[in-house]
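Right, one structure below, let's go through it.
Bear in mind these aren't lab numbers, they're just calculated from the coordinates by the rules spelled out. Computed from a predicted structure; not experimentally measured. A quick note on method: Cβ atoms are made from the backbone with ideal geometry, for glycine too, and the neighbour counts reach across all protein chains shown.
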Protein chains: 2
Amino acid sequence: MTDEGTQAFVPGHVTGFFTIERDDDPTKAGSRGCGLTLTDGVTVTVRPAEESTCYLDGTSIEMEPVERVLDALNATARVTAESGIPIGSGFGVSGAMALGTALAANVEFDRRLSENELITIAHGADVQSGTGLGDVVAQARGGIPIRLEPGGPHDNELDGIPRRVRVEYVTFGDLSTPDVLDDDPERITEAGETALSRVVGEPTLTSFVYASRRFAREAELLTPRVRDAIEAVSEAGGEASMAMLGETVFAFGTGLTDAGYDPQVCGTHSAGATLR
Amino acid sequence: MTDEGTQAFVPGHVTGFFTIERDDDPTKAGSRGCGLTLTDGVTVTVRPAEESTCYLDGTSIEMEPVERVLDALNATARVTAESGIPIGSGFGVSGAMALGTALAANVEFDRRLSENELITIAHGADVQSGTGLGDVVAQARGGIPIRLEPGGPHDNELDGIPRRVRVEYVTFGDLSTPDVLDDDPERITEAGETALSRVVGEPTLTSFVYASRRFAREAELLTPRVRDAIEAVSEAGGEASMAMLGETVFAFGTGLTDAGYDPQVCGTHSAGATLR
């Protein structure tokens with residue numbers, strides 16, 4: 001234990017499409033799908049404390065996945081997170097905070113767990129809190145993860161699209177994950193399965209963004225502002241889709257810039273979550 | 001296709017201990033064990049060419065795993081590698097060249113394969129060439145991979161020690177991998193299983209280096225110079241072991257420096273192999 005605590009960086013994760021896979025066991029539940037991990041992400045610092053608290057960008061917050069992770073690790077800690085990505089807009093901030101807390105608390109409290117055990121704890125916490133279905137396992141892998149089977153690392157199956165790409169994004173607002181998931185899960189899962197088949201058949205960036213756009217349309221998740229931005233990028237000759245689940249549009253290369261937007265710019269992240 | 005070609009970086013991998021797992025199917029064969037991926041590694045560039053050639057640090061070489069990967073991808077290319085790690089000394093250079101070639105050729109020749117497919121091809125090429133048993137899958141994951149089950153990504157099972165650490169190493173000479181493996185594979189596998197049990201039970205750096213030292217002794221792989229260096233680090237209060245299979249000693253922190261050696265210095269690599 002040190003006064004400075006232990007730090008972990010977890011990449012953001014924008015999901016292009018997904019399925020909803022329920023299971024009584026949270027380490028088996030989750031989703032299949034595909035997304036981009038981002039060089040923009042969340043830095044989490046864990047320090048032992050008298051009582052557990054959680055701060056995001058300097059503001060005290062209630063963050064159920066973080067509380068669940070600390071409970072699982074039997075750790076009482078002050079968790080401070082600095083986020084380089086928007087909150088509640090489809091970037092996996094809750095998963096990042098859960099995973100970063102697990103990795104850093106394991107060091108800080110000398111819990112001697114393995115990577116898979118820590119990822120399992122963070123994934124289960126995110127699922128049980130209703131804040132995410134597949135961000136954690138994607139954020140632990142890095143790159144452009146394809147989630148072939150749901151759940152934590154002992155149950156799931158991952159692959160990846162072996163590419164690196166510049167990513168631009170704009171966020172118009174937030175969407176409530178639980179509300180959207182409860183609306184019509186069957187429609188989402190059916191559209192997600194179609195999209196996944198396409199990307200498994202051809203694991204390329206083009207195939208991913210096509211499958212993601214069709215998913216957003218078929219799952220009826222597009223908002224007017226998101227649709228407008230995707231169309232504008234397309235008219236400017238680029239490729240864009242919607243980040244699930246947020247009112248966020250991501251594009252490859254200079255897609256949003258070319259369409260006249262003033263986007264955030266980052267890239268796909270080549271590593272999974274890492275200790276600093 | 002571009003004149004500059006496509007580049008990939010693959011981390012070096014020092015194996016602390018391993019088992020030998022034979023199988024007629026090279027994607028199922030390999031080894032279990034544990035090692036460190038390193039920020040020192042190999043940068044591989046692939047360019048289309050009239051005939052396939054391979055260069056390592058400016059010198060034309062025959063590299064069977066690279067030829068096998070190019071064949072599998074139906075690619076005729078000039079492969080140039082710049083290695084920041086010693087050749088033939090237990091750093092997984094052959095695996096790095098096979099994996100880097102697979103990742104870069106997939107882009108350069110637009111082969112549209114997935115990460116797992118490329119890792120499988122590179123792993124099979126390394127195994128079939130007799131140049132490595134488990135480096136490729138470790139180098140694809142990054143960090144400090146624990147190989148719980150052998151083979152490529154469709155068959156194996158990986159975990160990791162969730163730590164980052166400064167690594168020092170010295171190399172005294174090379175060992176021939178095939179010769180050592182043929183000498184007494186049962187003894188190696190038995191010692192490797194004991195070591196793996198220890199690290200699975202306690203996935204920490206200390207446990208890894210203890211298990212590695214005991215493995216090196218029990219498998220009778222220590223050379224006099226390697227034993228002397230490990231003992232010198234120990235007497236100086238540090239932790240070191242032998243890189244399998246090379247006449248190489250690695251230590252954590254400043255272990256070799258404190259023992260009076262003039263080591264190379266790097267760290268564990270937080271990412272697996274990546275496109276540049």
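Is it fair to say B:F215 is assigned to a helix (DSSP H, G or I), surrounded by 18 or more Cβ atoms within 10 Å (Cβ to Cβ), under 17 Å from the mean Cα position of the chain (by Cα) and not β-branched (V, I, T)? Considered against the rule, which asks whether it is assigned to a helix (DSSP H, G or I), surrounded by 18 or more Cβ atoms within 10 Å (Cβ to Cβ), under 17 Å from the mean Cα position of the chain (by Cα) and not β-branched (V, I, T), B:F215 comes out as no. Counting the residues of region A:152-181 that are touching a residue at least 12 places away in the same chain (Cβ under 8 Å) and under 27 Å from B:L99 (Cβ atoms) gives 15. Residues of region A:53-79 that are in contact with a strand residue (DSSP E or B) (Cβ under 8 Å, 6 or more places away or on another chain) and under 12 Å from A:F109 (Cβ atoms): A:L70, A:A75, A:T76, A:A77. Comparison of A:T27, A:T15, A:T39, A:T19 shows that the only residue that is closer than 20 Å to A:E247 by Cβ and hydroxyl-bearing (S, T, Y) is A:T15.
Answer yes if at least one residue in region A:228-238 is of a type in the set (D, E) and surrounded by 16 or more Cβ atoms within 10 Å (Cβ to Cβ), and no otherwise.
Applying the first criterion (of a type in the set (D, E)) to region A:228-238 yields A:228, A:231, A:235.
After this cut, where a residue has to be surrounded by 16 or more Cβ atoms within 10 Å (Cβ to Cβ) as well, the list is none.
No, every residue in region A:228-238 fails to be of a type in the set (D, E) and surrounded by 16 or more Cβ atoms within 10 Å (Cβ to Cβ).
For region A:151-207, which positions are hydrophobic (A, V, I, L, M, F, W, C) and either in a helix (DSSP H, G or I) or within 14 Å of another protein chain (Cβ to nearest Cβ) (or both)? Scanning region A:151-207 gives A:L158, A:I161, A:V165, A:V180, A:L181, A:I188, A:A191, A:A195, A:L196, A:V199, A:V200, A:L205. In this entry, B:V249 is excluded by the filter for residues that are buried (at least 20 other Cβ atoms within 10 Å of the Cβ) and either over 15 Å from the mean Cα position of the chain (by Cα) or within 14 Å of chain A (Cβ to nearest Cβ) (or both).
With the structure loaded, tell me whether A:E82 is outside any helix (DSSP H, G or I), without any contact (Cβ under 8 Å) to a residue 60 or more places away in the chain, more than 14 Å from chain B (Cβ to nearest Cβ) and surrounded by fewer than 20 Cβ atoms within 10 Å (Cβ to Cβ) or whether it fails that test. Yes.
Checked against (1) surrounded by 15 or more Cβ atoms within 10 Å (Cβ to Cβ); (2) out of contact with any Lys or Arg (no Cβ under 9 Å at 6 or more places or on another chain); (3) over 26 Å from B:V249 (Cα atoms), B:P65 meets all criteria but (3).
Residue-wise test of (1) among the aliphatic types (A, V, I, L, M); (2) touching a Cys at 6+ places or on another chain (Cβ under 8 Å).
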position: A:G95; (1), (2): no, no
position: A:A98; (1), (2): yes, no
position: A:H123; (1), (2): no, no
position: A:G132; (1), (2): no, no
position: A:A138; (1), (2): yes, no
position: A:P150; (1), (2): no, no
position: A:Y169; (1), (2): no, yes
position: A:F172; (1), (2): no, no
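Working only within region A:109-126, note down all residues that are farther than 17 Å from B:D159 by Cβ and either more than 12 Å from the chain's Cα centre (by Cα) or surrounded by fewer than 24 Cβ atoms within 10 Å (Cβ to Cβ) (or both). Spell out how you get there, then give the answer.
Kept after step one, since they are farther than 17 Å from B:D159 by Cβ, are these residues of region A:109-126: A:109-110, A:125-126.
Answer for region A:109-126, where residues must be farther than 17 Å from B:D159 by Cβ and either more than 12 Å from the chain's Cα centre (by Cα) or surrounded by fewer than 24 Cβ atoms within 10 Å (Cβ to Cβ) (or both): A:F109, A:D110, A:A125.
Per this entry, B:A140 is counted among residues that are among the hydrophobic types (A, V, I, L, M, F, W, C), within 13 Å of another protein chain (Cβ to nearest Cβ), assigned to a helix (DSSP H, G or I) and touching a residue at least 40 places away in the same chain (Cβ under 8 Å).
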